[in-house]
Every structure is written in structure tokens, then in C-alpha cells.
Amino acid sequence: MEVSTREVNELGRKSPLAGLVTSVSTLPFSGPRRIASLSVHTSPLDQPGTGDAGGLNVYVVEVAKRLAERGTEVEIFTRAVCRDTPPLAELVPGVLVRSVVAGPFEELDKTDLPAQVCQFTLEVLRAEAAAEPGRYDLVHAHYWLSGKVGAAAKERWGVPLVQSMHTLGLVKNAALAVGETAEPQERIRGELDVIAAADRLIANTAEEARQLTDLYGADPAKVQTVNPGADLSVFQPGTAQSKRDARARFGLAQDAVVLLFVGRVQPLKGPDVALKAAAKLIEASPELRSTLRVVLVGGPSGRLQRADPDGMRELAARLGISENVRFEPPCPQAELAQWYRAATMVLTPSHSESFGLVALEAQACGTPVVAARVGGLRTVVSDGYSGVLVDGHDPADWARVVRRLIKAPRQLQALSKGARRHASAFGWSATVDRLAKVYTGAMDEADVSRAARVRALVADGAEQLRRRRPQRRPRRPGAELRAPAPGRVPGPP
Ligand code: UDP
């Protein structure tokens, strides 16, 4: 994800940016004019693939950019982690990033973030209060922590809350990798609150939609499935020549068998499975020792450092495959596309995955994916058509599948074709088309319930007036002739 930003002044009614922003919002568009997008725990300005920055960041940025192109301005609220982070930055015209001060200027562990939610909420409300009334038509919150902020903003501003959970604590806890800590009860309780407060819940897949209703008791009428996407202009299939060029660029032999792992290097993503499977492969086919390369692109993530690149280096050494393994720091998506093209196949042995953008992007580049049969990967990878889904995480099973594919170049070619076709249905434009409908639906419903509330208030007011109105006393003969006592005005009975 390549983003360039420029710092802008704090938005005031007469800010130079106000003109720019307004000019976007005057485009004819039936959806929201401006939305507040909340991303408490990770900034859209961060490089994905390390720390807490990953698919969620990509999602927030890609959706915001496309909404802005359609005339909906987006202001993304995130927590400032550096003293010199500008409070307001323009990502692209129509998309602002507001970095609010809540807690120390440093990356905080997710377990320490709930303590900052209150301050974050205050800052979001303060930013809105400083602008003209009715600044946002809708709040879209990402991850449960942002949902807590969104629930307060929704109440205060009288606008609908659209919530994307991205991952669910109960689902993660049901598929913990060895050595991983369970998500705390505080998160589960928070998720329940947010799910109850949201007007619409965006599920990445039909399976997530079911999890929201079955595990969290979400109202099915509120849940809408919207698949995320890939930037199909960046992740494009390469020609045979561009594959050769990519390999030459990265210093990979043209005849190498390249197994690629991309993303945050943490236990949940199963990088150890990729390494152990590679060791088993070499054990079963010793001729692969000279040609097999396992490349891990990504940085450390999570509190447990057991599966970070250093831990994986140690594991590779223990497995006796150090020479075959290469570690690369996270890189922008344009470079990532070249890694995907250079690879023979991409491995995604995740223990839990709400969608799996890496698997989608790889396929968009025409690279088959061998993925764990879990969560969103079951949607992202079409088993036997665009890649192979593997049950469980036993390295022996993974080695068997990979070996079979290496030995069947024709099948790999067919999968590559299927991968391109399968991924072509998942562009971000399709995501935003669906999201725009969800936004409009939520706003229409809010309008209807607001109108109903107004009608109820009017009816209630009329009733009260009626009750206060002086009621005519039954006439007594001659009463109309009697004048009121001096100084006394007839009042209600
Ligand atoms: N990514 C990146 N550079 C890297 C590694 C990853 O830009 O070096 C991006 C990648 O393109 C993908 C996202 O990070 O869009 C990871 O998303 P995914 O859904 O696979 O995993 P998550 O991080 O959400 O668990």
C-alpha cells in the first residue's frame, strides 16, 4: 500500500482544505456526504505486514480512497503514536487522517488499548464539535475497540453506526496456535456491546455472518456480507518475462522452487508450518535442497515473539534448512506484487483468518495458493481451482500437497489460470459498491426511525397540549352572562 500524505491545517470552517473538501461533496451521490472511519488500534499511515498493521489498514485505506473517488469524503480517526505525527494529514483528496492524542506517544499492545478508548472517544467528539453541525452522515468503525468509540459517536451525532469486526475474539480463541494467549473476556464483552449497538454489521464472508449471529446473537437483519478485495491494478498477473524479471530482481534462480509466506510473522499465521513443511519436503526429496527457497516477507507482530523472524531463523537452523530460507522486511504492495509473481506458490497456513488478503493478492498475480482450510480462506481460495486447501497444520500434510504440486507443473499452470479468474471477482470497487448500499440502507433506516421519533414527539406534544387546553365546563343556565371576577383570567381547570 503506497500512500503519500500531506500535512494540512486543523480543519476549521474557513480552513483552506474546507473548500477542497466541499467541492468533492457537492458531487451528486445518494450515499453519505462524509463519513467518520474509526481505526483506533492501527493507523492507515503504517506499513502493513508488521506489528498490528495488516489487512485492516489496507481495507480502511482502499475503501476510503474509492469512496472519495465517488464523492463521499472520509475522515479516518486513529491514535497518534508519535509526538510529531501531524494531527491532520491528507491521504488523497477527500480522505483525511486525524491522529488524535489518546495515551502515550508509542505503540501500545492491544491489551493496553481499552484504557485509552475513553480519551479517544472524547477527542473524536471534540473534533466533531469544533466543526459545523452535522459534519458526518455515518460512522464506520473497524475492530471492536473502534466500535466502542463508534457507539458513543452514533448516540451523540444521531447517525448510523456501521461496524466491521475484522476478527472475532470467540473465533480466535477456538483456533489458538500453540503458545498463543486467549483473547480476554473484556474483548468478548466489548464485542457483544458493539454488536448490539451497531445499525449494520459488515461480515467479510457468509461464515463470519453466521458467527456474528450464532456466537454473538447479532440480529440477522443487521448483518450484511461484503467481501473485501484486492487492488487489481497493482496485483496483476505477470507474463513469463515479468516472472523472470522478478526473480532476477530478487536474486532468485530461474529454476528455483519458491515457496512464499507474506504477512505479520506471528503464531496465528503459522510461519512455522511453512518452515517445517519445507524441511519435510527436503527430507523426502533431497534433490530439492539445492533449489527450494522459502521466502518470508513481513515483520514481527504480537506480544509473543516466539514466531517472529528471529524465532523463525532459529527454527530454520534447528531444522537444518537455514540456507533455504530467506527473510525480507515488509514492503509496499507494488513490490509485493513482484514477490507474488516470483513465487512458485504462496503458503498461508494461518490458524484463523477472517478473510486473507495475501491469498487473494497472490492469486490476482496468477500464483496458486496452498492455504489452511480455515475461516475466510475457504472463500478466498477455490479448492482445486485456484489453489489447494489443507486440513489442519501437520507439516507432513503440507509437505505432501506442495510436493505433489511441484511434481505436476501442468496442474500448477491450471491453478494459476484459475487463480487469476477467481481473484478477478474480488476488486475493491465491488467491495465499495456493496458498502455504499449498506451505508444508504442504514441512513434510510435512520431517517425512517428519526421521522417516526419526530412523529411520536409531535403526537405526544399534541396530546399534552390537548390535555392542557381549557376544557369547557358544562354550561349552567345563565353562566355565559356572568363576567369574570375583576383581575382574574380564566385558566385551565
Ligand atoms: N502487506 C504489505 N506488505 C508486506 C506484507 C503485507 O503491504 O510486506 C499487506 C498485504 O498486501 C495485505 C495485508 O498486508 O493486504 C495483510 O492482510 P491479510 O488479510 O493477509 O492479513 P492480516 O494482516 O489482516 O491478518
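Laid out as a table, the results:
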item	result
Residue within the stretch 281-297 that is touching a His at 6+ places or on another chain (Cβ under 7 Å), crowded, with 23+ Cβ neighbours inside 10 Å and either at pLDDT below 95 or closer than 15 Å to Pro349 by Cβ (or both) present	no
Unmet requirement for Ala102, which otherwise passes all of (1) surrounded by fewer than 19 Cβ atoms within 10 Å (Cβ to Cβ); (2) part of a loop (DSSP other than H, G, I, E, B)	(1)
Which numbered condition Pro44 misses (of (1) at pLDDT 95 or above; (2) in a loop (DSSP other than H, G, I, E, B); (3) buried (at least 16 other Cβ atoms within 10 Å of the Cβ))	(1)
Residue match in the stretch 194-210 (condition: more than 27 Å from Thr111 (Cα to Cα) and modelled with pLDDT of 95 or more)	yes
Qualifying position, being buried (at least 17 other Cβ atoms within 10 Å of the Cβ) and under 20 Å from Asp433 (Cβ atoms), among Gly49, Gly54, Gly71	Gly71
Sole residue being in a strand (DSSP E or B), hydrophobic (A, V, I, L, M, F, W, C) and under 13 Å from Ser39 (Cα atoms), chosen from Ala141, Ala89	Ala141
Failed criterion for Val149 (all others in (1) buried (at least 19 other Cβ atoms within 10 Å of the Cβ); (2) in a strand (DSSP E or B) hold)	(2)
Subset of the stretch 160-188 [more than 16 Å from the ligand (Cβ to nearest atom) and crowded, with 24+ Cβ neighbours inside 10 Å]	Pro160, Leu161, Val162, Gln163
Lone qualifier among Ala221, Ala277 - being away from the ligand (no atom under 16 Å from the Cβ), assigned to a helix (DSSP H, G or I) and outside the structural domain of Ser354 (by TED's automatic domain parsing)	Ala221
Check on Arg189, without any contact (Cβ under 8 Å) to a residue 40 or more places away in the chain and of a type outside the set (A, V, I, L, M)	yes
Selection status of Val74, assigned to a helix (DSSP H, G or I), under 17 Å from the mean Cα position of the chain (by Cα) and at pLDDT 95 or above	no
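Here is a yes/no grid of residues against (1) loosely packed, with under 12 Cβ neighbours inside 10 Å; (2) touching a Pro at 6+ places or on another chain (Cβ under 9 Å):
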residue	(1), (2)
Gly384	no, no
Arg403	no, no
Ser429	no, no
Tyr439	no, yes
Ala446	no, yes
Ala452	yes, no
Val458	yes, no
Gly461	yes, no
Arg466	yes, no
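The values are calculated or read from the model by the stated rules, or taken from the named source; none is laboratory data. All values reported here derive from a predicted model rather than from experimental measurement. Virtual Cβ from ideal backbone geometry, glycine too; neighbours counted across all protein chains shown.
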